[in-house]
Structure formats: structure tokens, C-alpha cells
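Encoded as C-alpha cells, the structure appears first; notes follow it.
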Amino acid sequence: LRPLRHFGQPLAPTPTADYPPRASRFPGGQRWRSLDQALQRVVAERNAVISQWWELFGRTSRDPLRIGGAGPEMVPLPGGSFLMGSANGELKRENDESPLRWVTIRPFAIGRTEVTFAQYDRFAKATGREKPDDEGWGRGDRPVINVSWHDAQVYAQWLSEQTGQRYRLPTEAEWEYAARAGTQTPFWTGGCIHTDQANYDGNYGYNGCGAKTGVHRRRTVPAGSLPANPFSLHEVAGNVYEWTEDCWHDSYAGAPDDDSAWLEAGGGNCARRVVRGGGWDSAPRRLRSANRSEYTTDKSYSYVGIRLARTL
């Protein structure tokens, strides 16, 4: 409960970036002179989300499997609206994080941690699939790695059959909503991040904010071993990138304004899917909540894993 102590008080916006000239336009076409109203809406949405989430807190669940045991621990999240992407003034932002826009999310559940080797290995044993390589770092509670997007899909389908629930990869919008947990800062931790909070390459900095610690673990850490975000989700920044359902697009131009996956429409490249969150070998800028990357669906990597969603 420690990360949640401050939610008893209303939240106020704290500027964390330099914004573009007033001549620039804000998402939706209004000019930047309406920034104050937009920020007030962000705060109102955040407070509403946190209020709803408090009512759900403690109801995390693990669905029983037909073969015995239980699936991943899932955290139910309330619906809400949030600003997806990054503002022009956010440091180290990239063009594919634009345009910044409002997105509405329905309630859903998401894994409290990344899927572990223990969870995935149970599936592999039950289905006769080859177990992925752990790079010599150990299995058990470490996040499963060296799994492709297609592997993640098969695992989600198996869990659905085992539990009678609909497990799936989160959409890109759902992922960012869950990772932000009501924040609008570059990281869920605020304007900076530290290797005590996330697993990344601390030989790189982020605007001199203290992210450059010199600590580089050079491997994954066990799931749930680093602090959780305000939604009680661990390692949403760093450790391993996480597959999402969405096909790759070079920007958000024409993207849905809801929680649906953005697939072929708008020129999406579905041979490459969006991954989020950054990994153990990433510079801190890759751990920003808005940062996007993409990888080939039939390839697997030592720095990409899985966090599942479940439809409510």
C-alpha cells in the first residue's frame, strides 16, 4: 500500500516540460492557451480513476486452471480517459508518440507482473511446446523471455481454454493507460527514474535528473521485485519489453480514440507489433510511458516478454 498513500488528497498538475509556442495547436485543434483547461481535465480524470480503483483494490485474482494450479495474478482496472502519447516538450520524445490525444478505456484486468518462466513452463509442459531459453539467468519467478508474439498468442489462448476467461495481449492504449496509472509525467515515477525503481542500463542518463546511476544488471530481475506503480503493477518500466496486440504505425495519425487494437487500418505493418516499457538493456528514455518500439512477430528476444490482459 505504500505507493498509494498520497491518493487521499486531490492531485494538482505539476509542469514537467517546456511546451511549444502558443501558436502551436493542442490535440483536438484548440490552441495552447487552453492548456490549463486540458491539464485540469487530466487531473479530474486521474482523480476519478484513482477513486474507482480504490474500490477495486484488493480484488486481484488468479483464475484456476483445469490442469491444476492457477494462472497469472490479475489486477482489475477501472475505465477512464487519458492523454495518450507525449507532448512536444517532453524530453527525449520521438515523433511516433504523436499526436497527443484523448483515449477512452473500458474496464479490464492486467497482469500484476510480467508472465514468469514458472507460469509459461507449465503451459509448455502441458502442450508439448519447447521451453524458451533463459540465457542462463534462471527460470522460476523471472519473466519469461525469448518468446515471440505468436508464442504469446498461443499462451493466451491456452489460458483462455484452461480458465473459461478471455486472456489476450493488451492493446497499446490499454498498456499505456495501465503503465501511467493516472500520471502524465514521462515516467510513472515522475520526471525521472532510478535503478532502484526499474531495471535498465544505468550507464545512460535522462536530462541529468539522476537516472544515470552506473548500475546495469545485464539481465532480468524476478517479477515483482521492484516497486509497483500506483495501479500495483510491477516492472511496467524496464526489465523486459512487453508485446501488445497492435500492428506498428509510424504515428498516431488516424488512430482509434478508444481501447481497440489498431491493426491493418491506416497502413499498419502487422508483421511487426508494438512493444512497450523498455528492457534491462535499455536507456532510461525507453522506459518513458509514451515510448514505443516494434519487433517482428516471429522472432524472440532476450529482452522481450509478456504481460497479459483479461477482458472483464
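What follows is calculated from the coordinates using simple rules that are stated; it is not laboratory data. Values in this document were obtained by computation on a predicted structure and should not be read as measured data. Counting neighbours? That spans all protein chains shown, and the Cβs are built from the backbone with ideal geometry, glycine included.
At-a-glance table
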| read-out | value |
| --- | --- |
| ILE110 long-range amide H proximity, modeled H, under 5 Å | VAL75, LEU77, ARG310 |
| Estimated D of region 38-311 in µm² per second, where Rh is the Kirkwood radius over Cα pairs and Stokes-Einstein applies at 4 °C, 1.567 mPa s | 70 |
| Environment charge at TYR241 (Cβ cut-off 12 Å; Lys +1, Arg +1, Asp -1, Glu -1) | 0 |
| Amide H within-cut-off set for SER61, under 5 Å, with H built and near neighbours excluded | MET74 |
| Region 215-312, relative contact order [Cα under 8 Å, separation at least 6], % | 30 |
| Average Cα contact separation per residue, region 158-227, under 8 Å, 6 or more apart, as relative contact order % | 20 |
| Per-residue HN-Hα couplings for region 276-281 [Karplus 6.51, -1.76, 1.60; θ = phi - 60°; Hz; x = Gly/Pro] | 9, x, x, x, 5, 10 |
| Additional length obtainable on full extension of the chain from THR311 to ASP250, 0.36 nm per residue less Cα span | 19.2 nm |
| HN-Hα J in Hz across region 225-232 - Karplus 6.51, -1.76, 1.60, θ = phi - 60°, x for Gly and Pro | 8, 10, x, 8, 7, x, 8, 6 |
| Charge context of VAL103, other residues only, Cβ under 9 angstrom, K/R +1, D/E -1 | -3 |
| Rel. contact order, % - alpha carbon contacts under 8 angstrom, at least six apart, region 38-311 | 24 |
| Cβ-Cβ FRET estimate between ALA271 and SER61, R0 fixed at 35 Å, reported to 0.05 | 0.50 |
| Partner lysines for LYS299 [C-alpha distance under 23 Å; skip if fewer than 8 residues away on the same chain] | LYS125, LYS131 |
| Long-range amide H partners of SER282 with built H, under 5 Å | ASP201 |
| Under Karplus coefficients 6.51, -1.76 and 1.60, residue-wise ³J(HN,Hα) of region 137-142 in Hz, glycine/proline x | 8, x, 10, x, 8, 6 |
| Charge sum, other residues only, whose C-beta stays under 15 Å from VAL215's C-beta, Lys/Arg counted +1 and Asp/Glu -1 | +1 |
